[in-house]
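Report on one structure; see the data block that follows.
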Amino acid sequence: MGYWVNTVYVHRAGVDDVVRAIERVFAAEAMERVPLAERARMSIEPMQYDLACHNDLWGVAVFPGAAGWTVIHTAPLELFGELLIGSEERRISALCRELGSSALLVNVYDSSGVVVVECSAEGRVFIRGFNGQGGSDHPYRHHSDSATEETYRIELREHAWLGLDLRDLWGEELSSLFAKTCAGANAAYCDNLISVDTLISRKPFGVPGGAALYFKWTGNSRQRFEPCGSWDEYRAALRARS
C-alpha cells in the first residue's frame, strides 16, 4: 500500500482560534457540532472513501504546529480542499478569510500523486502538482486535467518566505519537509492515521494541546452508503441507492 497524506497547515498560532473559525464556517453549511462516542470502524467508511457532500458526519482534528502554525486533519480526507456546498469556492478559502490567515494543504496520493494548495488570508488559491488518480468528482481534477510542465512543478508563491527548497522532492519526502517545517515537534502526527483511524473511530485524541471535533449535517441524510464490512457490500449499497 502506498503513502497517503492530506494535511492542512494554517499560518495561525492558537488551536482555539482555529476551532472557533471552523465552527463558524461549518455552521454556514448547516453542520452542527456534536459529541460522539467511540466506535469500531468498518472496512469501508464513507468518511474515508466519499466526499464531504455525501457524508452526514465530519471529523476534524486540530493541534499545535511549529511556532506560528496550527495543523488540521479531517475525515473526509479532503474536506478543506473540496468546494463549499452550493459554491464554486473551496472550503479552505472560507476558513482563511474567517481567520485572516494563510494556509497550506499538502496532499500525497499513493506515493505517486502530489498536490500542494496554498491559500492567502484573503482566500486566493494557488495549486501546484499533479494527481492522476482522481475520478470525475476529485477536488483537483480540473487542475490535473489542464496540467502543464509549469503547474506540475511544486513551488510556493504565498509562502515563498519559508525559503524551502522543493526541487527534486516528491511524495513522502515533500510532505515530511512540510511537516518538519510547519508542525515542528508534532511532525510525527502529520499523516493520515488521525483521519482514517482516530477520527473515524472517534478515539480519544492524544496530541498535546489538540482537539477532535465532530459535526453533523442537520438536513435529511445525504450519504450514499453506510459503513460497510467489504467492497462487495459497498457496491451493493451503491446499486441499491441508484
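The values are calculated or read from the model by the stated rules, or taken from the named source; none is laboratory data. Fair warning: this is a prediction, and the values are worked out from it, not measured in the lab. All Cβ positions, even for glycine, are placed from backbone atoms using ideal geometry, and neighbour counts span all protein chains on display.
The table below lists the values:
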quantity	calculated
Selected residue (criterion: surrounded by the fewest Cβ atoms within 10 Å (Cβ to Cβ)) from residues of the range 189-235 that are more than 23 Å from ASP17 (Cα to Cα) and free of Cβ contacts under 8 Å to residues at least 24 places away in the same chain	ASN220
Selection from the range 32-41 of residues that are in contact with a Ser or Thr (Cβ under 9 Å, 6 or more places away or on another chain), under 17 Å from SER195 (Cβ atoms) and surrounded by 11 or more Cβ atoms within 10 Å (Cβ to Cβ)	ARG39, ARG41
Unique residue being of a type in the set (Gly, Ala, Ser) and closer than 26 Å to GLU89 by Cα when the list is SER175, SER230	SER175
Residues within the range 42-84 that are in a loop (DSSP other than H, G, I, E, B) and within 24 Å of ALA13 (Cβ to Cβ), tallied	8
Residue that is under 17 Å from ARG12 (Cα atoms) and modelled with pLDDT of 95 or more, where the choices are PHE178, PHE215, PHE205	PHE178
Out of GLU32, GLU89, sole residue that is over 16 Å from ALA179 (Cβ atoms) and in contact with a Lys or Arg (Cβ under 7 Å, 6 or more places away or on another chain)	GLU32
Residue within the range 172-183 that is on the phi > 0 side of the Ramachandran plot and either among the charged types (D, E, K, R) or surrounded by 16 or more Cβ atoms within 10 Å (Cβ to Cβ) (or both) present	no
Subset tally (residues that are in contact with a Lys or Arg (Cβ under 9 Å, 6 or more places away or on another chain) and surrounded by fewer than 22 Cβ atoms within 10 Å (Cβ to Cβ)) for the range 103-117	1
Members of the range 23-54 that are β-branched (Val, Ile, Thr) and farther than 17 Å from SER87 by Cβ	VAL34, ILE44
Members of the range 58-93 that are touching a residue at least 60 places away in the same chain (Cβ under 8 Å) and surrounded by fewer than 22 Cβ atoms within 10 Å (Cβ to Cβ)	ALA61, PRO64, ALA66, ALA67, TRP69
Enumeration of residues in the range 205-232 that are hydrophobic (A, V, I, L, M, F, W, C), more than 30 Å from GLU172 (Cβ to Cβ) and either in contact with a Leu (Cβ under 6 Å, 6 or more places away or on another chain) or assigned to a loop (DSSP other than H, G, I, E, B) (or both)	PHE225
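Results for (1) within 28 Å of ARG167 (Cα to Cα); (2) in contact with a helix residue (DSSP H, G or I) (Cβ under 9 Å, 6 or more places away or on another chain); (3) of a type in the set (A, V, I, L, M, F, W, C); (4) modelled with pLDDT of 95 or more, shown as yes or no for each residue.
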| position | (1), (2), (3), (4) |
| --- | --- |
| TRP58 | no, yes, yes, yes |
| PHE63 | no, yes, yes, yes |
| ILE72 | yes, yes, yes, yes |
| ILE92 | yes, no, yes, yes |
| LEU95 | no, yes, yes, yes |
| GLY100 | no, no, no, yes |
| GLY123 | yes, yes, no, yes |
| ASP145 | yes, no, no, no |
